[in-house]
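Below is one structure, written out as C-alpha cells; comments come after it.
The values are calculated or read from the model by the stated rules, or taken from the named source; none is laboratory data. Keep in mind that this is a model prediction, so the values were computed, not measured. Here the Cβ positions follow ideal geometry from the backbone for every residue, glycine too, while neighbour counts run over all protein chains shown.
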Amino acid sequence: MTQSTCVIIGASHAGAHLAACLRQQKWAGRIIVIGDDDRLPYHRPPLSKALLAGKQSIDQLLIRPESFYQKQNIEFMLNRKVARINRTDKTLQLADGETLAYDKLALCTGARVRRLDICGAELKGVHYLRHYRDVENIKTNLDGQRNIVIVGGGYIGLETAASLRQLGHKVTVIEAAYRVLQRVTAPEVSTFFQRVHQEQGIQLVLDKQVAEFVAAKDDPTRSDRVLCTDGSLYPADLIIVGIGVRPNVELAEQAGLKTANGIWVNEFAQTEDPDIVAAGDCTNHPNALLNTRLRLESVPNAMEQAKSAAASICEQPIQYAAHPWFWSDQCDIKLQIAGFNNGYDEVVLRGDPGVGRSFVAWYLKQNKLIAADCINRPKEFMITKQLLAKQITPEKHLLSDESVDPKRFLEN
Amino acid sequence: MPLIKYIDHSGGEYEADVDVGKTVMDGAMDNMIDGILAECGGCCSCATCHVYVDEKFIPVTGTADGMEKEMLTAVNEPKDNSRLSCQIFVTEEMDGMTVRIPESQY
C-alpha cells in the first residue's frame with residue numbers, strides 16, 4: 001500500500017505548526033519538512049532579544065523538541081534547499097539534485113531580509129538579523145564596548161538597539177524617515193519610543209539616508225564607518241541592517257502560481273493548485289473581518305494560517321479570519337498591538353506618552369475602533385482584542401478616561 | 001521527571017512528563033494537548049495559555065504578578081487560581097500537579 005506524502009517547504013513557525021496540525025487533524029501519511037536552516041524550527045522573535053542578550057541559547061528556543069517530531073513521525077530534511085517545483089508530475093527538485101515526490105505540498109517559505117544595495121554592502125562588519133546564525137555572528141564581534149550602528153528604526157532595529165545597549169555598547173540608530181516606526185504606528189507612539197531609546201542612551205539619527213559603508217583604512221575588506229548622503233560619518237565596529245523583509249515567492253512564481261506581494265491564497269490558505277497550500281509571512285491572503293487582502297509578518301499569523309492550511313490538506317477546511325496582533329519587547333517595555341491600524345483617521349490616547357512608560361493609543365477609522373498600541377498595558381490589550389472581535393467601539397471620552405475600568409467597555 | 005496532569009474543559013485527561021526548567025505550557029505543546037494555544041510561544045504576550053492550577057500546588061507554583069496578573073484580569077473566566085502556564089516553570093515539587101484548561105482561550 002502506498003502512503004500519501006505531504007511535503008512542507010520551510011521549517012520555521014508556519015512549517016513547524018503546519019506539521020503538528022496535520023497530525024492533530026489526523027493526517028496519516030508521511031510528513032517531510034524541508035528547511036534551509038541547519039536547526040529544527042526555533043522561535044524567531046527572541047533572536048533580537050534573549051538570544052542576542054545571551055539570556056537563552058538556541059537549544060532553548062526550539063519551537064518543539066526533537067522528541068516531539070520523532071513521536072509524531074515528522075521527518076526533517078535540514079540544511080537543504082528546494083530548487084524547483086514540478087507541478088505536472090508533482091515532484092520537487094532539490095538544489096543538490098535529489099528529486100522528491102509529493103501528494104500535497106505546503107509552501108511556508110517565509111521572507112528574507114531586504115538588503116541595502118549601496119557601496120560597501122558586501123564588506124565584513126555589515127550584518128543582518130533573521131536567522132540564529134546571524135545572531136551568533138554578531139555575538140562573536142561583541143567583545144568589550146563596541147560602536148554599533150543600526151540602519152533602520154523599525155521593530156527589528158529598535159529591539160536590537162535596546163538589547164545591545166543593555167549589554168553596554170554604544171548604539172546609534174539611523175532611520176531614513178523623520179520618525180521611527182513610521183510605517184506602523186501613530187506619531188505619538190513614535191515620539192514615545194524615540195524618548196525611551198534616548199533615555200536608555202541610544203543615539204537616534206532621523207531623516208537621514210545611508211550612502212555607503214566605508215572600508216577601513218587598515219583593512220579594506222571590512223567596513224568601519226557609515227557615511228550618510230549629507231556627508232556625516234558614524235564610526236562602527238559593527239553595522240546591523242534592519243530595513244524590512246521580502247516574501248520568498250520565487251518557487252511559487254516559477255511553478256506558475258499567482259504571486260503579488262506574496263503567494264496568492266484564499267481564506268483557506270489554498271493556492272490555485274488543489275494540491276498546494278501556503279502559510280505564513282510568504283502569503284498574500286484575504287481577511288474577511290477586515291475586508292481586505294494582507295501580507296503579515298507575525299508569529300500569530302503564521303500559526304493560525306498554518307492551521308487552516310493543514311485543515312485544507314486534510315479536506316476539512318477551516319477559514320482563516322482573525323484580527324491580527326503583534327508584540328515587541330524593547331528595554332523594559334512590552335508593546336502589544338491588537339488589530340491592524342491601516343487607514344486610521346483618528347488616534348485617542350489613554351495615559352500620557354510624554355511621561356513614564358505606560359499608555360494606550362487607540363486607532364479609529366470613521367469612528368470605528370480598528371486597533372490599539374498598548375505600551376505596558378496588558379489589560380487594555382486583552383480588552384481591545386475582545387472589543388475588535390465583538391465589533392464594539394467605546395465612546396471616545398471613555399477610552400481616554402483613566403478612571404474608567406476598560407472592562408466596562410465590554411458591558412451592555 | 002515531574003508528571004503534570006492536564007484536564008480539558010470536557011473532562012479529558014492527559015499526562016505529560018515535563019523536564020524540570022520547562023514550563024507547564026511547554027509540556028502541553030510538546031504533547032499536543034489541545035486547549036493551550038500559546039500564540040506568543042511563551043513570552044507572556046498573549047494570554048492564550050491560561051490554566052487553573054490545583055490549589056494544593058499554589059504554594060509551589062506561586063501566584064501571578066506584574067504583567068501576567070494584569071493579563072489574567074481580562075481572560076475568559078478568571079479565577080483565583082488562574083495562571084498563564086508559560087510562566088510556571090516546572091520543579092520536582094510539581095510532580096503530580098493537575099492543571100485544568102478553560103473552555104476558551106479568548
Filter result for the condition that a residue is of a type in the set (Val, Ile, Thr), surrounded by fewer than 24 Cβ atoms within 10 Å (Cβ to Cβ) and at pLDDT 95 or above, over A:ILE370, A:ILE383: A:ILE370
Filtered residues of the range A:308-329 (kept if of a type in the set (S, T, N, Q) and within 13 Å of chain B (Cβ to nearest Cβ)): A:SER328
Filtered residues of the range A:378-412 (kept if within 11 Å of chain B (Cβ to nearest Cβ), over 16 Å from A:LEU289 (Cβ atoms), in contact with a helix residue (DSSP H, G or I) (Cβ under 8 Å, 6 or more places away or on another chain) and not aromatic (Phe, Trp, Tyr)): A:PRO378, A:LYS379, A:GLU380, A:MET382, A:ILE383, A:PRO406, A:LYS407, A:LEU410
A:THR109, sole failed condition from (1) over 23 Å from A:ARG295 (Cβ atoms); (2) part of a loop (DSSP other than H, G, I, E, B): (1)
Candidates A:ALA50, A:ALA111, A:ALA95, A:ALA83 - the one that is of a type in the set (A, V, I, L, M), without any contact (Cβ under 8 Å) to a residue 40 or more places away in the chain and closer than 18 Å to A:ILE156 by Cβ: A:ALA50
In the range B:58-92, residue nearest to the other protein chains (Cβ to nearest Cβ) [restricted to those that are of a type in the set (D, E, K, R) and free of Cβ contacts under 8 Å to residues at least 60 places away in the same chain]: B:GLU70
Top-ranked residue of the range A:277-294 - restricted to ones that are under 23 Å from A:VAL82 (Cα atoms) and either surrounded by fewer than 24 Cβ atoms within 10 Å (Cβ to Cβ) or among the polar types (S, T, N, Q) (or both), ranked as farthest from the chain's Cα centre (by Cα): A:ASN284
Selection count, the range A:354-367, where residues are more than 14 Å from every other protein chain (Cβ to nearest Cβ) and crowded, with 24+ Cβ neighbours inside 10 Å: 3
Any hit, the range A:256-272, residues being away from chain B (no Cβ under 14 Å) and of a type in the set (Lys, Arg): yes
Candidates A:ASN266, A:ASN248 - the one that is in contact with a Gly (Cβ under 8 Å, 6 or more places away or on another chain), over 30 Å from A:LEU167 (Cβ atoms) and crowded, with 16+ Cβ neighbours inside 10 Å: A:ASN248
Selection within the range A:43-58 - within 13 Å of another protein chain (Cβ to nearest Cβ) and over 18 Å from A:PHE68 (Cβ atoms): A:ARG44, A:PRO45, A:PRO46, A:LEU47, A:SER48, A:LYS49, A:ALA50, A:LEU51, A:LYS55, A:GLN56, A:SER57
Total residues in the range A:21-42, condition farther than 12 Å from A:CYS6 by Cβ, surrounded by fewer than 23 Cβ atoms within 10 Å (Cβ to Cβ) and within 14 Å of another protein chain (Cβ to nearest Cβ): 3
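Residues are listed down the side, and each one gets a yes or a no for (1) touching a residue at least 40 places away in the same chain (Cβ under 8 Å); (2) in the same structural domain as A:LEU294 (by TED's automatic domain parsing); (3) in contact with a Ser or Thr (Cβ under 9 Å, 6 or more places away or on another chain):
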| position | (1), (2), (3) |
| --- | --- |
| A:PHE359 | yes, no, no |
| A:LEU364 | no, no, yes |
| A:ALA371 | no, no, yes |
| A:ILE375 | yes, no, yes |
| A:LYS379 | no, no, yes |
| A:THR384 | yes, no, no |
| A:LYS390 | no, no, no |
| A:SER400 | yes, no, no |
Any hit, the range B:54-63, residues being more than 10 Å from the chain's Cα centre (by Cα), surrounded by fewer than 23 Cβ atoms within 10 Å (Cβ to Cβ) and under 20 Å from A:ILE383 (Cα atoms): no
In the range A:219-236, residue nearest to A:LYS208 (Cα to Cα) [restricted to those that are within 31 Å of the chain's Cα centre (by Cα) and without any contact (Cβ under 8 Å) to a residue 24 or more places away in the chain]: A:THR229
Checklist (1) small (Gly, Ala, Ser); (2) under 30 Å from A:ALA19 (Cβ atoms); (3) surrounded by fewer than 23 Cβ atoms within 10 Å (Cβ to Cβ) applied to A:GLY110, failing item: (3)
Residues within the range B:5-45 that are touching a helix residue (DSSP H, G or I) at 6+ places or on another chain (Cβ under 7 Å), away from chain A (no Cβ under 13 Å) and either crowded, with 21+ Cβ neighbours inside 10 Å or without any contact (Cβ under 8 Å) to a residue 40 or more places away in the chain (or both), tallied: 2
Selection status of A:ASP332, within 30 Å of A:GLN166 (Cα to Cα), within 14 Å of chain B (Cβ to nearest Cβ) and surrounded by fewer than 16 Cβ atoms within 10 Å (Cβ to Cβ): yes
Which numbered condition A:ALA14 misses (of (1) surrounded by fewer than 18 Cβ atoms within 10 Å (Cβ to Cβ); (2) in contact with a Cys (Cβ under 6 Å, 6 or more places away or on another chain)): (1)
